[in-house]
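Working notes for the structure below.
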Amino acid sequence: MQRDDLRTAPAEQPTAAPPPPWATAAVPAVFVVLWSSAFIAAVLGTDAAPPLLLTFARFAVAGVLLAVIAGVSRSPWPRGRLLLHVVVVGLLMQAVQFGAFYTAIGAGLPGGVVALIQGFNPVLIALLAGMFLGEKITGRQWLGFVVGGAGVLLAVGGALHFSVSAIVLSFIGLLGLSVGTVYQKRFTPGADVRSSTAVHFLASAPVMGILTLTLEDPEVTDWGAFGGSLAWIVLINSVGTFLLLNFMLKKQAANRVGTLFFLTPAVTALLAWLIIGQTLSLSAIFGLVLGGVGVLLAARK
C-alpha cells in the first residue's frame, strides 16, 4: 500500500522563486521614469488628434491587449461585487484621470504643469488613506510631504500661461487618481493585477468613446505622430506602469506609493529636455533633488 501510495501521489508543484531584492528595489525608479514619459507622449499625441479620441484609443487597445495577457496566463477574473469595485477603480483611475489630463494638455496646458498638479497626489492620498484605510502618517512622512511638495513647485515653476478650465480639469484628474488609488487599496486588494487592469481599461473605453463622439470631431491629423504616441502610451504607460503601480500597491502602504509622484514633475522636465529639447532649468534640478529627499523621508519605515 505504501508503494502504491507513493506511486499515485501527485508530485509537488515547484513554487515560483521570488524576484531578487535588487529587482524589487528598482521597481519604484522604473515606475517614475515610465510614468513621467506619459506626459511627453501625451503632448505629441494631442497635437495629432483630439484628446478624448487619443484616450479612447489608448483604453481600447490596452484593454484588449491586457485581456489577452490575462487569458493566456489564466488569471482569475473578478466576479460579483469585486467586479463592480474593479470597474469603479478603473473609471476613477483611468477615465476620470486621463480624460481630464489629456483634455487639459490638448487645451494648451504644458505637460509639466499637469505633472506639477499630479505631484500633489501623495498629500491627497495620505489624507484619504488616513481617513478610510487607517494608515498611520508619521511626523517624518509629513516632513517628506512638505519637502517633496517644495520640490514639485521648484521642478516646473516659472512663468506659464494657461487657462482656468485646463487647471480645473487637471485637478479633477488628480482627484480621480487619488480617490481611485485609495478605493483600490480598500476594496480590491485581492484582485489579480492583469485581469483587473484589463477591466479598468475595458470599462473606461466605452465612456471615452461616447465622449469623443459627443464633444469632439474625432479626426487624426498626423497618423505617424498619433500611432507612435499611442504605441508608447499603450505598451509602456498603460500596460507597464499600471502593472507596476498595482504591484507596488500590493506590497506597500498607499501613502508610500503615493510619494513616488513627487518625483514626476522633475523627471518629466528632464525627459522633456532630453527628448524634445526643452531646457532644464536650475529650479527643475533643485526640484528633482528635493523631490528625491521628500520620497526618502516619506517612504522610510
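The values are calculated or read from the model by the stated rules, or taken from the named source; none is laboratory data. Everything quoted here is computed from the prediction, not taken from an experiment. For neighbour counting, all protein chains shown are included, and Cβ atoms are generated from backbone atoms with ideal geometry for every residue, glycine included. Remember, those area values only see protein heavy atoms, side chains included, never the ligands or the DNA or RNA. Shrake-Rupley method; radii C 1.70, N 1.55, O 1.52, S 1.80 Å.
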Q) Among 217-223, 231-237, what's the highest-first ranking by average C-beta atoms within 10 angstrom per residue? A) 231-237, 217-223
Q. Packing-wise, with mean Cβ within 10 Å as the measure, how do 285-296, 177-188 rank, highest first?
A. 177-188, 285-296
Q) Between Trp223 and Leu133, what is the FRET efficiency for a Förster distance of 45 Å, r being their Cβ-Cβ separation, to the nearest 0.05? A) 0.50
**Q.** Label-to-label distance, nm, for residues given as Ile167 and Phe187 (7 Å Cα→Cβ offset)
**A.** 3.2 nm
Q: Treat each spin label as a single point 7 Å out from the Cα along the C-beta direction, and report the Leu153 to Ala231 distance in nm.
A: 4.2 nm
(Q) Multiplying the sequence separation of Leu296 and Ala26 by 0.36 nm and subtracting their Cα-Cα distance, what value in nm do you get? (A) 95.8 nm
Q: Describe numerically, in nm with one decimal, the distance between label points set 7 Å from Cα along Cα→Cβ at Val72 and at Trp273.
A: 3.9 nm
Q | His200, His85, reordered so the largest accessible area comes first (probe 1.4 Å) | A | His85, His200
